[in-house]
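Note sheet for the following structure.
The values are calculated or read from the model by the stated rules, or taken from the named source; none is laboratory data. Values in this document were obtained by computation on a predicted structure and should not be read as measured data. Glycine gets a Cβ as well: all are built from the backbone with ideal geometry, and neighbour counts include every protein chain shown.
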Amino acid sequence: MNSKAYFGKFGGQFVPETVMFALDELENAYESIAKTKEFKDELDDLLKNYVGRPSPLFFAKRLSEHYGHEIYLKREDLNHTGAHKINNALAQALLAKKMGKKKILAETGAGQHGVATATAAALLGLECDVYMGATDVARQQLNAFRMQLLGAKVVSVEDGLKTLKEATTAAIQAWVNEIESAFYVIGSAVGPHPYPKIVRDFQSVIGTEAKAQLENYGKKADYVIACVGGGSNAIGIFSAFLDDESVNLVGIEAGGLGIETPYHAATLSKGKTGIIHGMKTTVLQDEYGMISPVHSISAGLDYPGIGPEHAHLNDIKRVRYEAVTDDECINALYFLSKMEGIIPAIESAHAVAYLEKLCPKLDKKSVIVVNISGRGDKDINTVIGYEKGKIYG
Ligand SMILES: *Cc1c(COP(=O)(O)O)cnc(C)c1O
């Protein structure tokens, strides 16, 4: 097995032979196409004029006064389609087009990655099938409709719990069936090599910008905080700071109803090494190695695995991973909305919630960057449901 495929003990390619062929093709295309100046110039132009990059790094004055530290917000919520996911979906779709593929496939949970991929497909004139669990299609009708409006086909998956895990398995199966002509656009820094590396590279624009923007303020980060589902927004912002050990990096997982209950998605807090979706990583599983059902108020963090690079960064203790509960997250969502006029995605609100735990413990005035991975408009119904005492449903 090729050592490039691993981050320490984690990663690899745990896939059938038919998929190996496509992964090799992808790796070659990534090296020979995506690293050329021509590709980078074209992607940069789209990121600037279509996505709206660079996203601002906003000094949150009222939040800073409240917590007694300097807090900066990286505004990925201001991207076209409302989150960081478009950075990666657009870049992968552009690579697919340059490879001569006519069709792209994607999985989606709540629909955010599906919408980003359908958007990129429309822009680039590619056919697009999005696999979505039937439960999620019902729960997220607006996003399912949005994808159809963008010209994508939404394939409803009826297996198992009918959510993201099953949708991912179905998308990989569909890819196997159309391996020559289709390109699989993965939505987070997960899956078999080279996906975790490609997604990290395409999301690293977040960290590169944030670091330069802080320098423009004449500042250097003491802490960088991001929420972690599969881990793409977090690795995207962390990547620029990994080499500098003086920067503390914190990934926030979904603690659901509490990590002492079975109702959470805190993979690194409670998981063990296992295999999921073609990678060796930390997985929430029972004593027999069966993947556990996960719970979070946030659909985007509701995943029983995590990208292999995060499993490694946890192993070597370069990044600290913590969990916040649904209640803490909703409080943070209200607080940021009222203090700064920014309604964060429920996913991003997990990162904001950690300020409440971190700030009182710091012994010197610190510079803290929080990645606001997306906007909260999509989550208003969930917040209403939460207020009615009905979170999952
Ligand atoms: C999907 C999503 C996430 C979680 O995915 P990562 O790959 O862990 O970044 C976080 N925030 C928002 C807004 C999302 O849509």
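Regarding the range 149-162, can at least one residue be identified that is in a helix (DSSP H, G or I) and either farther than 29 Å from residue 40 by Cβ or not charged (D, E, K, R) (or both)?
For the range 149-162, residues in a helix (DSSP H, G or I) and either farther than 29 Å from residue 40 by Cβ or not charged (D, E, K, R) (or both): present.
Which of the residues belonging to the range 41-79 are β-branched (Val, Ile, Thr) and touching a residue at least 40 places away in the same chain (Cβ under 8 Å)?
Within the range 41-79, just 71 meets the criteria.
Before we move on, is residue 368 more than 13 Å from the ligand (Cβ to nearest atom), among the β-branched types (Val, Ile, Thr) and buried (at least 24 other Cβ atoms within 10 Å of the Cβ)? Talk me through it step by step, then tell me what you get.
On the way: more than 13 Å from the ligand (Cβ to nearest atom): yes; among the β-branched types (Val, Ile, Thr): yes; buried (at least 24 other Cβ atoms within 10 Å of the Cβ): yes.
The answer is yes for residue 368.
Only one of these is within 22 Å of residue 102 (Cα to Cα), of a type outside the set (S, T, N, Q) and in contact with a strand residue (DSSP E or B) (Cβ under 8 Å, 6 or more places away or on another chain): 179, 186. Name it. Reasoning before the result, please.
Numbers: 179 fails: in contact with a strand residue (DSSP E or B) (Cβ under 8 Å, 6 or more places away or on another chain).
Every option except 186 fails the conditions.
Scan 95, 73, 78, 90 and give me the residue that is surrounded by fewer than 23 Cβ atoms within 10 Å (Cβ to Cβ) and within 16 Å of the ligand (Cβ to nearest atom). Give the steps one after another, and end with the answer.
Details: 95 fails: within 16 Å of the ligand (Cβ to nearest atom); 73 fails: surrounded by fewer than 23 Cβ atoms within 10 Å (Cβ to Cβ); 90 fails: surrounded by fewer than 23 Cβ atoms within 10 Å (Cβ to Cβ).
On inspection, the qualifying residue turns out to be 78.
Only one of 300, 289, 305, 341 is in contact with an Asp or Glu (Cβ under 6 Å, 6 or more places away or on another chain) and small (Gly, Ala, Ser); which?
Among 300, 289, 305, 341, only 300 is in contact with an Asp or Glu (Cβ under 6 Å, 6 or more places away or on another chain) and small (Gly, Ala, Ser).
In the list 306, 291, which residue meets the criterion of being more than 15 Å from the ligand (Cβ to nearest atom) and among the aliphatic types (A, V, I, L, M)?
Sole residue among the options that is more than 15 Å from the ligand (Cβ to nearest atom) and among the aliphatic types (A, V, I, L, M): 291.
Out of 17, 31, I need the residue that is modelled with pLDDT under 95, loosely packed, with under 12 Cβ neighbours inside 10 Å and not polar (S, T, N, Q). Which one?
Every option except 17 fails the conditions.
Restricted to the range 249-263, and to residues that are more than 11 Å from the ligand (Cβ to nearest atom) and under 28 Å from residue 86 (Cβ atoms), which residue is surrounded by the most Cβ atoms within 10 Å (Cβ to Cβ)?
The extreme case among them is 255.
Looking only at the range 190-244, filter to residues that are within 10 Å of the ligand (Cβ to nearest atom) and assigned to a loop (DSSP other than H, G, I, E, B); which one of those is farthest from residue 275 (Cα to Cα)?
Result: 228.
Among the listed residues 374, 393, 341, which satisfies the condition of being of a type outside the set (Val, Ile, Thr) and at pLDDT below 95?
Answer to the selection: 393.
In the range 109-139, which residues are assigned to a strand (DSSP E or B) and not β-branched (Val, Ile, Thr)?
Those that are assigned to a strand (DSSP E or B) and not β-branched (Val, Ile, Thr): 127, 128, 129, 131, 132, 133.
Looking for something more than 22 Å from residue 85 (Cβ to Cβ), assigned to a helix (DSSP H, G or I), at pLDDT 95 or above and of a type in the set (Asp, Glu) - is there at least one such residue anywhere in the range 289-309?
no
Of the residues 26, 73, which single one is aliphatic (A, V, I, L, M) and assigned to a helix (DSSP H, G or I)? I'd like the intermediate steps shown before the answer.
Values: 73 fails: assigned to a helix (DSSP H, G or I).
Step by step, each of 26, 73 is checked, and only 26 is aliphatic (A, V, I, L, M) and assigned to a helix (DSSP H, G or I).
How about the range 320-344: which of its residues are more than 23 Å from residue 165 (Cβ to Cβ), crowded, with 24+ Cβ neighbours inside 10 Å and more than 13 Å from the ligand (Cβ to nearest atom)?
Across the range 320-344, the qualifying residue is only 336.
Identify, by number, the condition in (1) free of Cβ contacts under 8 Å to residues at least 40 places away in the same chain; (2) under 17 Å from residue 279 (Cα atoms) that residue 122 doesn't meet.
All conditions are met except number (2).
Among the residues of the range 222-248, write down those that are in contact with a helix residue (DSSP H, G or I) (Cβ under 6 Å, 6 or more places away or on another chain), surrounded by fewer than 24 Cβ atoms within 10 Å (Cβ to Cβ) and of a type in the set (A, V, I, L, M).
If the condition is that a residue be in contact with a helix residue (DSSP H, G or I) (Cβ under 6 Å, 6 or more places away or on another chain), surrounded by fewer than 24 Cβ atoms within 10 Å (Cβ to Cβ) and of a type in the set (A, V, I, L, M), then 240 is the only one that fits.
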